Amino acid sequence: MALDAAWAADWMRASAAAMAENRQRLIDLDRDIGDADHGENMDRGFSAVVQKLDTDGIPQTPSDVLKLAAMTLMSKVGGAAGPLYGTAFLRASTAAGPAPELDPAAVVAVLTAARDGIVARGKAEIGDKTMVDAWTPAVEAAATAAAAQAGPAEVLAAAANGADAGLAGTEPLIARKGRASYLGERSAGHLDPGAASTVLILQAAAQTAKADA
Ligand code: ADP
Ligand code: MG
C-alpha cells in the first residue's frame with residue numbers, strides 16, 4: 001500500500017499488536033539486564049496510541065500520525081524508553097513534512113531522524129548495547145535499499161532486517177548506557193530489550209507497507 005496516513009495508522013496498530021504479543025518476552029529480556037518493565041511500558045504506550053486513533057480518527061498525513069504517536073508514547077511509556085521513543089517519533093514526524101505519502105527517500109529521512117533523535121536524547125553510541133544498535137543498522141540498510149531503487153515497502157523490509165541483525169549483535173555487548181550499564185560485564189550474554197522493541201516496530205512498518213501491495 002501507499003505509505004499514507006492510513007498506512008501510518010495501520011503501522012501503529014500493528015506495533016501495538018506486536019507489543020501485546022511480545023509483552024512477556026520484552027519483560028523477560030528486561031528482567032535479565034534491567035527492571036523487567038519494558039514489555040509493560042511498551043504495551044501500555046502503544047495501546048494508548050491505538051485508543052487515541054480510535055477516538056480522534058486517522059489524522060491527515062503520516063506526519064500527523066507520527067506526532068500523535070510521539071505525544072502519546074512520551075506521556076504513557078515512562079522509563080528510559082518513553083522519552084527516547086517519544087523523541088524518535090517527534091523527529092520522524094518533522095522529517096515526514098506535509099507530504100500525503102512517504103516515498104523511499106522520505107522513509108530513509110524519517111528513519112534517520114528517528115535514530116538521530118534517540119542519539120540526541122540518550123547520548124548512546126553504537127556498541128553501547130541500546131536501541132541505537134538496532135536503529136543504526138536499520139537506517140543504513142534502508143539507505144542502501146533506497147539507493148538501489150527499492151520501493152517503499154522494500155526499504156522498510158530492509159530496515160526491519162537491519163534492525164534484527166543489530167538486535168542479535170547486542171547479545172555479546174557490555175552495556176554502557178541505561179539501567180543495564182549498572183551490571184557492567186554481567187550485562188553481556190543478553191539481548192537488549194529496547195533493541196528488541198525497535199525490531200518489532202520496524203517489522204510492523206514493513207508488514208503493513210506490504211499489505212495489499
Ligand atoms: P528503564 O531502563 O527506565 O526501565 P525501559 O525498560 O522501558 O526503561 O527501556 C530500557 C531500554 O531503553 C534499554 O533496553 C535500551 O535499549 C534503552 N535505553 C536506555 N538508555 C538509553 C540511552 N541512553 N540511549 C538509547 N537507548 C537507551
Ligand atoms: Mg526497564
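For Asp35, Asp64, Asp28, what ranking results if the residue with the fewest other Cβ atoms within 10 Å of its Cβ goes first?
Going from least to most buried by this count: Asp35, Asp28, Asp64.
For the chain, calculate the relative contact order in percent as a whole number, restricting contacts to Cα pairs under 8 Å that are 6 or more residues apart.
With pairs under 8 Å counted, the relative contact order is 24 percent.
Against the longest principal axis of the chain, how steep is helix 81-96, in degrees 0 to 90 to the nearest 10, with axes from Cα atoms?
30
Which GluC sites (Glu not before Pro) in the stretch 116-177 sit in a loop by DSSP (not H, G, I, E or B) and have at most 13 other Cβ atoms within 10 Å of their own Cβ?
Here the GluC sites (Glu not before Pro) that fit, given the DSSP loop and packing criteria, are Glu125.
P(r) for the chain, please, calculated from all Cα pair distances in 10 Å bins and given in %.
Going out from 0 Å in 10 Å bins, the chain shows 10, 38, 38, 13, 1 percent.
Once the Cα atoms of helix 5-21 and of the chain are each reduced to a long axis, what angle between those two axes, in degrees from 0 to 90 to the nearest 10, is obtained?
30
How do Asp4, Asp192 line up, fewest other C-beta atoms within 10 Å first?
Going from least to most buried by this count: Asp4, Asp192.
How high is the relative contact order of the stretch 115-213, in percent, with contacts defined as C-alpha pairs under 8 Å that are six or more residues apart?
32
Helix 104-122 versus the longest principal axis of the chain: what angle, 0 to 90°, nearest 10, using Cα atoms?
Orientation of helix 104-122: about 30 degrees from the principal axis.
Restricted to Cα positions, what overall size does the stretch 106-153 have along the principal axes? Three whole-Å values, descending.
32, 17, 14
When each pair of different Cα atoms in the stretch 87-213 is counted once in the 1/r mean, what is the Kirkwood radius in angstroms, to one decimal?
Taking every pair of different Cα atoms in the stretch 87-213, averaging 1/r and inverting gives 14.6 Å.
Computed on alpha carbon atoms, what radius of gyration and Dmax characterise the stretch 1-92, expressed in Å?
Computed over the Cα atoms of the stretch 1-92, radius of gyration and Dmax are 13.1, 41 Å.
Please count, across the chain, the pairs of lysine residues with Cα atoms under 12 Å apart that sit 8 or more places apart or on different chains.
4
We did not get these values from a lab; they are worked out from the coordinates using the rules stated. Small disclaimer: the values here were computed from a predicted structure and weren't measured. As a convention, Cβ positions derive from the backbone with ideal geometry for all residues, glycine included, and neighbour counts pool all protein chains shown.
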